[in-house]
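The values are calculated or read from the model by the stated rules, or taken from the named source; none is laboratory data. As the structure is a computational prediction, the values presented were derived from the model and not from experiment. Cβ: placed from backbone, ideal geometry, glycine included. Neighbour counts: every protein chain shown. The accessibility values were calculated without ligands, DNA or RNA, using every heavy atom of the protein model including side chains. Shrake-Rupley method; radii C 1.70, N 1.55, O 1.52, S 1.80 Å.
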Amino acid sequence: MARKILVVDDERHIVRLVEVNLTRAGYDIVVAYDGIEALEVVKKENPDMIVLDVMMPRMDGFEVLKKLQADESTQNIPVIMLTAKAQDADIFKGWSSGVSSYLTKPFNPRELLTFVERIFQSIEEHGGTEEEDVWEV
């Protein structure tokens, strides 16, 4: 059974780009276009991973991440931040918020796929939990 990834971004072309590339790689993709919708989809779909933008209407990605981590049923879902927020302070905030990876836009879809595969591989190798220090640079 394919692993399910939730892609969350208010820019529909970014969602489509990520969706097409991850689908081609064999993943099952569900989408949301803002933070509130993302939390609803997480409850309904129970994704194995989330690719999450920061700057979105209704609720930003950092708030979504905080809510996910506060809930025992979602706190262990790996999250890749995919955002235009590329300042050192933003990247540090992402890492310190507990993301599994932080990619900035514009991005290379193959690089995103590499991060997705490495995170899933790390989870499998460590018995279902992700090692936080694996992705720190």
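What distance in nm lies between label points placed 7 Å from Cα along the C-beta direction at Q121 and A25?
So the two model labels end up 1.1 nm from each other.
What part of the accessible area of region 40-87, given as a whole %, is carbon or sulfur when the probe is 1.4 angstrom? Walk me through the numbers before you get to the answer.
On the way: 1060 of 2430 Å².
It is 44 percent, rounded to a whole number.
Which whole-number percent is the relative contact order of the chain (Cα, under 8 Å, 6+ apart)?
Details: 211 pairs, mean separation 27.1, N = 137.
In percent, rounded to a whole number, it is 20.
Can you tell me the length gained on complete extension of the stretch K44 to Q87, counting 0.36 nm per residue apart and subtracting the Cα distance? All intermediate terms of the calculation are to be shown ahead of the outcome.
Numbers: separation 43, 0.36 × 43 = 15.48 nm, distance 3.35 nm.
Between K44 and Q87, full extension yields 12.1 nm more.
Using only the Cα atoms of the chain, build the gyration tensor, take square roots of its eigenvalues as a ≥ b ≥ c, and label the shape rounded, prolate or oblate: rounded if a/c is under 1.5, else prolate if a/b is larger than b/c, else oblate. Please list the in-between numbers first.
On the way: a/c = 1.12, a/b = 1.06, b/c = 1.06.
The shape class here is rounded.
Where nothing but the Cβ of Lys and Arg (+1) and of Asp and Glu (-1) is charged, how large is the charge dipole of the chain around its Cα centre, in debye to the nearest 20? All intermediate terms of the calculation are to be shown ahead of the outcome.
Values: 15 positive and 26 negative charges, 90 e Å.
For this selection, approximately 440 debye.
Which loop GluC sites (Glu not before Pro) in region 1-82, with loop taken from DSSP, have no more than 16 other Cβ atoms within 10 angstrom of their Cβ? Don't skip to the end; give the middle numbers.
Numbers: sites: E11, E19, E37, E40, E45, E63, E72; in loops: E11, E72.
Here the sparse-neighbourhood loop sites are E11, E72.
Can you give the helix-only mean residue ellipticity at 222 nm for the chain, where every DSSP H stretch with n ≥ 4 adds -39500 (n - 2.57) and the sum goes over all residues, rounded to the nearest 500 deg cm²/dmol?
Details: 5 runs with 60 residues, N = 137.
It comes out at -13500 deg cm²/dmol, rounded to the nearest 500.
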